[in-house]
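Scroll down for the structure; my scribbles are underneath it.
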Amino acid sequence: MTSPSRISGPDRWQHYGASSRGRRSLSRLHWDWYQRIGPGAELLGDLTGRTVAELGAGAGHQAAYVAAELKAARVMAIDSSTAQHSRGCDLYEDVPGLDFVHDDAAAYLRDHPSSLDAVYSIFGALDFSDPQTLLPSAATALRPGGTLMFSTLAHYRTGAPPETECRPADIPTRMPDGRPGTMRRWVLGASVWKELLDEHGFDVVYGDTVHDAGRDGEASVTTTLFRARKKRESGAPRLLSYEVPA
């Protein structure tokens, strides 16, 4: 399941989470930035016996929760970072039904058509990969009626407004050798996400925002949530959707 030949460039996630020690057992699934308020696992629906993938799973904390607590038959924790993949394997390799995949998310999804019942991302690959590549790949991998659920920043962490078209920004990060660097992140307005989802094979069935004013000097952050369903075949009735808050 590991395809390192498809992963190029320095590992910009090498230092992220490196200071954490031991298993971090989650008592609840969160979608918001600070991982403490808002809706939880109910947004994924009933995953009992389902095949699920997390895009940009990092060290696998959420994926382990989905496998252990939501009774999914199989969970693929996909991440392109060598360091994060290694951390996840070290922490959670004993969780039944949980597989860690070291690969580019879009490439893996394209290689496994109609294999998944649900795909989700919590500030993961959908934030750091071109959605015009990743969304159609997710639609390819999902079975008819499959669910895509994700959370993303509603605005830049500086407070600047999101983009009004599908374009990334360079944000600061640390390179493997410790030098400062940048990576691309897509911080898009809700209406832009809705248009992208529609264009690439999804009907929006849920959209909301979660606002956290921050505590003890933390920055105020608003999270955008989307749940979408793979569109039915041509000629079949479409699911009803509604306007997502701007």
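A 1.4 Å probe, protein heavy atoms only, puts the accessible area of H211 near 110 Å². Counting only residues at least eight positions apart within a chain, or on another chain, the lysines with an alpha carbon under 22 Å from that of K194 are K230, K231. Extending 7 Å from the Cα toward the beta-carbon at both R174 and K71 defines two label points whose distance is 4.2 nm.
Tell me, what is the FRET efficiency for E165 and Y206 to the nearest 0.05, using R0 = 22 angstrom and their Cβ-Cβ distance as r? List each step's numbers first, then the result.
Numbers: r = 24 Å, r/R0 = 1.07.
FRET efficiency, E165 to Y206: 0.40.
The modelled label-to-label distance for the pair E199/D216, using points 7 Å beyond Cα in the direction of Cβ, is 4.3 nm. Given their separation in residues at 0.36 nm each and the Cα-Cα distance between them, D46 and C89 gain 12.9 nm when the chain is fully extended.
Can you give the net charge of the other residues whose Cβ lies under 11 Å from the Cβ of H30, counting K and R as +1 and D and E as -1? Intermediate values should be presented prior to the final figure.
Details: positive: R28, R36; negative: D32, D212.
For residues surrounding H30, the net value is 0.
Can you compute the label reach from Y34? Point 7 Å from Cα along the Cβ direction, backbone N cut-off under 19 Å, restricted to segment 143-162. Label zone hits: 151-160.
Provide the gained length on full extension for the span H155 to T133, in nm with one decimal, where the gain is 0.36 nm per separating residue minus the Cα-Cα distance.
Values: separation 22, 0.36 × 22 = 7.92 nm, distance 2.18 nm.
Residue separation times 0.36 nm, minus the Cα-Cα distance, leaves 5.7 nm.
Per residue, segment 27-83 exposes 35 Å² of solvent-accessible protein surface, assessed with a 1.4 angstrom probe and all protein chains in place. With a 1.4 Å probe rolled over the protein heavy atoms of all chains, the accessible area of T158, T51, T140 falls in the order T158, T140, T51, largest first. Each peptide among 159-168, 88-97 gets the average number of other Cβ atoms lying within 10 Å of its residues, and from highest to lowest they stand as 88-97, 159-168.
Leaving ligands, DNA and RNA out of it, rank R227, R110 by accessible area with a 1.4 Å probe, largest first.
Values: R227 50, R110 120 Å².
Reading off the accessible areas and sorting them downward yields R110, R227.
The values are calculated or read from the model by the stated rules, or taken from the named source; none is laboratory data. Remember, predicted model here, so these are calculated numbers, not experimental data. Virtual Cβ from ideal backbone geometry, glycine too; neighbours counted across all protein chains shown. Ligands, DNA and RNA are excluded from the accessible area calculation, which covers all protein heavy atoms including side chains. Shrake-Rupley method; radii C 1.70, N 1.55, O 1.52, S 1.80 Å.
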